[in-house]
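Worksheet: one structure, shown below.
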Amino acid sequence: MFRELEDKLVLVVGSFQGIGKAVVTTFLAENAKVIAADVVYENADLKELEERLYTVKLDVSDEEQVEDLFTRLEDRGLVPDILVHVAGISTMDYLTESKSSDFQRNWEVNTRGFYLTAKHYTRLLKAKGKKGKVIVVDSQAGKNGYRAMAAYVASKHAVLGLVKTLALEVAEDKINVNAVCPGIIETGMKHRERIEGGKIRGLTPEEVQAEDNSQVPLGRTGTPQDVANVVLFLGSHLSDYMTGQAVNVTGGMTMN
Ligand SMILES: NC(=O)c1ccc[n+]([C@@H]2O[C@H](COP(=O)([O-])OP(=O)(O)OC[C@H]3O[C@@H](n4cnc5c(N)ncnc54)[C@H](O)[C@@H]3O)[C@@H](O)[C@H]2O)c1
């Protein structure tokens, strides 16, 4: 669809399953080259999985690993045209009952993880005098409060602060920085949240799912592909005049 993405190099962080996996297949379908990084991979160096697709182990909460990945990419002359940061976790508990270690973990992966990948990626782009695009999969929880999700909500709000600030700082380098804010998307994370959230509220996962469905104006929850489609738009030239934005992909659930 976007012929310009042919042979472009896209680094997708948090790519093994769910939304990240859909982002990988969407860019591959555009004939882009994809480096799929995720904490679950075991190879510390790039491994060719199939034509145009490489995998690499990366824990976004470990600065040494993040810095090392960008150094190794630079050494091989591989400077990504696009960074898509998808990696994220969530925990569920009412704030008054919650563990501060859970708060810390959400912050480490969701907020500091994006801070690290965005920092080292834009540093590399600036050193090379190359333009690029930073896209982060944030959440509608970056804009609204949700019961029993304070640590996640806080971490996702903070990501939007990073997006707006970095967008200003690298605008003159022709680097666009934008976020996608999904609503309720059918992935492993969402299925686990229905079990854990249901337990806290005395509901079955099926009851939580029925509640989810009823909250979406477009009448259905989202698929990973719904999100990947908007990520693709933000990676293409069609979004060249957008930066510092947080685009909702929520079926109408969030409108601000
Ligand atoms: N599913 C939803 O309803 C929903 C809604 C809004 C936002 N999101 C966000 O979308 C993103 C993807 O969520 P998903 O639903 O596909 O979840 P998921 O759990 O299915 O996938 C998350 C991926 O991130 C990877 N990951 C986790 N910690 C990592 C780390 N430290 N370093 C590198 N990779 C790591 C996991 O291995 C996994 O492949 C997350 O940031 C999530 O907060 C999801």
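Any read-out appearing in this document is the output of simple, stated calculations on the displayed coordinates, not a laboratory observation. The structure presented is a predicted model; accordingly, all values stated were derived computationally and were not measured. Positions of Cβ are generated from backbone atoms using ideal geometry, with glycine treated the same way; all protein chains shown enter the neighbour counts.
Tabulated results
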quantity: Kirkwood Rh, Cα atoms: Rg over Rh of the chain; calculated: 0.96
quantity: Cut-off under 5 Å, modelled amide H: who pairs with residue 246 long-range; calculated: 179
quantity: Acute angle (nearest 10 degrees) that the helix 150-170 long axis makes with the longest principal axis of the chain, alpha-carbon atoms; calculated: 30 degrees
quantity: Sequence-distant residues sharing a close amide H with residue 89 (under 5 Å, placed H); calculated: 110
quantity: Rounded D (µm²/s) - the stretch 16-97, Kirkwood Rh over Cα pairs, Stokes-Einstein at 25 °C, 0.890 mPa s; calculated: 175 µm²/s
quantity: Candidates 81, 59, 173, ranked by Gaussian network fluctuation over the chain, Cα under 10 Å, top entry; calculated: 173
quantity: Other-chain or far-sequence residues with amide H under 5 Å of residue 132's (modelled H); calculated: 175, 176
quantity: Using alpha-carbon coordinates, inclination of helix 63-75 to the longest axis of the chain, degrees; calculated: 30 degrees
quantity: Relative contact order of the chain, defined on C-alpha pairs under 8 angstrom at six or more residues apart (%); calculated: 19 percent
quantity: Phi-based couplings in Hz for the stretch 206-221 (Karplus 6.51, -1.76, 1.60; Gly and Pro marked x); calculated: 5, 5, 5, 4, 4, 4, 4, 4, 6, 8, 9, x, 6, x, 8, 6
quantity: Cα-based helix-to-principal-axis angle, 224-235 vs the chain, degrees rounded to 10; calculated: 40 degrees
quantity: Most mobile listed residue (58, 125, 238) in the chain, GNM with C-alpha springs under 10 Å; calculated: 238
quantity: Taking 200, 184 and counting other C-beta atoms within 10 Å, the order from fewest to most; calculated: 200, 184
quantity: Lysines with Cα under 27 Å of residue 143, excluding same-chain neighbours fewer than 8 positions away; calculated: 21, 99, 119, 133, 156, 164, 174, 190, 199
